[in-house]
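Read through the structure below, which is laid out as structure tokens, and then see the notes.
Read-outs: derived from the displayed coordinates by stated rules, not from any lab. It should be emphasised that the depicted structure is a prediction, and the values quoted were computed from it without experimental measurement.
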Ligand SMILES: [Zn+2]
Ligand SMILES: [Zn+2]
């Protein structure tokens with residue numbers, strides 16, 4: 001049943017982290033979200049994540065987002081209002097949310113590819129007036145709530161739930177789809193929250209050796225403490241070294257003909273080239289990094305000559321959660337160790353700047369909107 005409170009004409013305002021332009025996030029007042037369609041719920045956000053892919057809009061690498069859009073697509077919280085068609089949830093329920101909505105009924109949803117649902121929308125992306133507001137706010141509207149959301153079991157902490165909805169689901173499904181098996185040697189390129197989640201998942205799936213590449217000391221240190229061999233991609237001047245030079249270090253650490261799987265969590269031409277260089281013939285390059293270049297950095301003929309398997313695309317987080325939530329409850333994988341900062345929404349402008357600069361040992365920033 002709908003909650004009459006939300007139908008009442010009133011204009012309450014809340015503060016939210018909004019996009020104003022490139023490298024310009026501003027915390028400002030916005031109208032409180034309301035139920036708009038019968039499948040909607042309104043979630044009071046307990047925790048909202050700042051994701052590496054929020055930086056794509058911030059840096060102007062991904063264009064099109066409208067000024068004024070509330071940012072953020074990682075959330076967990078409690079339902080405070082439901083539309084008339086919502087059947088699986090009630091006011092007060094705690095929920096885990098994937099970063100996109102999905103209907104649960106179309107072809108891609110049935111094939112466990114919820115990220116490509118015919119009605120999929122990404123939280124925090126409004127373009128030309130169409131799209132969905134984000135979760136870096138005290139309240140967020142979730143359409144298609146019955147199919148999109150998952151009840152948060154009491155065994156899961158809110159922090160675990162937040163991470164499972166995006167970075168942990170992405171890292172885990174990346175390792176799984178790449179075919180990490182016991183004894184495997186795996187290279188992880190990029191040790192942000194997704195790369196480190198892929199590292200944790202690779203260990204869980206039995207990888208014997210994980211080699212982690214990044215250029216930030218705090219990330220490499222955490223990678224090491226999670227059981228990886230760490231390779232610094234930066235030289236003494238802290239700039240990225242030549243790809244061939246990094247590849248030589250990776251190969252020396254891995255051993256000859258050892259690297260069958262690369263998990264790429266950066267999304268750049270250099271990352272693609274490095275992945276190609278270190279893979280043995282017949283290897284798999286699994287890509288979670290969001291690529292915005294016009295063409296692939298490895299030519300088709302070179303891919304052919306190495307019998308490469310390439311896996312790429314947005315994670316179907318809703319589909320992945322069906323397996324990942326029970327696994328997390330059973331295994332308590334240490335995803336929460338990735339969180340370096342817990343901040344209030346009022347700090348969002350600085351948080352984006354710190355995250356963008358890779359300053360202050362940042363790996364994962366989480367907002368507490370209440
Ligand atoms: Zn994300
Ligand atoms: Zn669907």
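A few points about this structure:
- The chain: angle of helix 243-254 to the longest principal axis, Cα-based, in degrees nearest 10: 80 degrees
- Degrees between helix 167-178 axis and first principal axis of the chain (Cα, 0 to 90, nearest 10): 40 degrees
- When only Cα pairs below 8 angstrom with a gap of at least 6 residues are kept, the chain shows a relative contact order of 18 percent.
- Against the chain, whose longest principal axis comes from its Cα atoms, helix 348-357 is set at around 10 degrees.
- Each stretch of four or more DSSP H residues adds -39500 (n - 2.57); spread over every residue of the chain, this sum gives -8000 deg cm²/dmol at 222 nm.
- Centroid-to-centroid separation of the stretch 17-84 and the stretch 158-209 [C-alpha atoms, Å]: 26 Å
- Divide the volume of the convex hull around the Cα atoms of the stretch 108-239 by the residue count and you get 169 Å³ per residue.
- Debye equation applied to the C-alpha atoms of the chain, log10 I(q)/I(0) at 0.08, 0.12 Å⁻¹: -0.39, -0.87
- Kirkwood-based shape ratio for the stretch 307-361, expressed as Rg/Rh from alpha carbons: 1.12
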